[in-house]
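Structure record follows, encoded as structure tokens.
The values are calculated or read from the model by the stated rules, or taken from the named source; none is laboratory data. The structure presented is a predicted model; accordingly, all values stated were derived computationally and were not measured. Don't worry about glycine lacking a Cβ; one is built from the backbone with ideal geometry, like all the others, and counts go over all protein chains shown.
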Amino acid sequence: MSQPPSAFESILKSLGADPYLSEVVLGDLAEEFDQRVAFDGEVEARRWYVKEAIRAVPHLLRNALGQIRVGEIPRLIGVALYSWLALLPISLSAWVVVSLIMRLGGINLPTLAPTPTNPMFLGFVMLAMPVAGVTGGYIAAWRNARAPLIGAAAFGIVLSSINLIAGLFFPSPLSPVSRITALTLFNLAALVGGVLRAVRLKPSASSALSIS
């Protein structure tokens, strides 16, 4: 028997909407999916399911955000900061490994002087921000098990806010356009990290998490 795309089931559940609403939406999608498999074939049914799942995201997300209370905000900030702290040793270890490999290979490390006119520095930032976003978003989604994508989004928003606030006291070496671009990439990558975490969960496991 054909099954609906499990990745999209997990993503919808990871939004953290009311468990009853999530089950109703997923139940309706699954029922319609079975009917379309019988009449239109599995390929067409999967195409329909993906389209309808994407259309359901805003409704489930609105419900999930509506359930966030003022008392939840400090916890989400804590999730974001935990993910940031966990990211620091990972980033440092990765930098040490890359530096060691480059030195052993006789490759000179690029000059990363933090100036707006240094293309190497700009390229490094535009690469590092998405990588950090994906990794931190994944960790935040793991920590916020009830609503993984909300945790990933909180990571991006909190860290971007800290960056912008710090810019009020310490001038950024990036131009305003480059800074906005880097932060945008960071937030999008954080959501990608959350999605990667969500799709690793089996639908049944994700369902159990969503009502915990």
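One table, with the values for the structure above:
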quantity: The stretch 62-82 residues that are more than 17 Å from G137 (Cα to Cα), paired with ones that are assigned to a helix (DSSP H, G or I) and β-branched (V, I, T) (beta carbon under 7 Å, 6 or more apart); calculated: A64/I150
quantity: Residue in the stretch 121-140 that is of a type in the set (S, T, N, Q) and buried (at least 24 other Cβ atoms within 10 Å of the Cβ) present; calculated: no
quantity: Check on P89, under 27 Å from G136 (Cα atoms), in contact (Cβ under 8 Å) with a residue 40 or more places away in the chain and out of contact with any Ser or Thr (no Cβ under 9 Å at 6 or more places or on another chain); calculated: no
quantity: Yes/no for S161 being within 28 Å of I11 (Cβ to Cβ) and of a type in the set (S, T, Y); calculated: yes
quantity: Flag for N163 being polar (S, T, N, Q), over 18 Å from Y82 (Cα atoms) and modelled with pLDDT under 95; calculated: no
quantity: Evaluation of A30 against (1) among the aliphatic types (A, V, I, L, M); (2) modelled with pLDDT of 85 or more; (3) touching a helix residue (DSSP H, G or I) at 6+ places or on another chain (Cβ under 6 Å) (one fails), failing number; calculated: (3)
quantity: Where G106 falls short, out of the listed (1) at pLDDT below 85; (2) small (G, A, S); (3) surrounded by 13 or more Cβ atoms within 10 Å (Cβ to Cβ); calculated: (3)
quantity: Identity of the residue in the stretch 1-45, in contact (Cβ under 8 Å) with a residue 24 or more places away in the chain and of a type in the set (V, I, T), that ends up farthest from V195 (Cα to Cα); calculated: V37
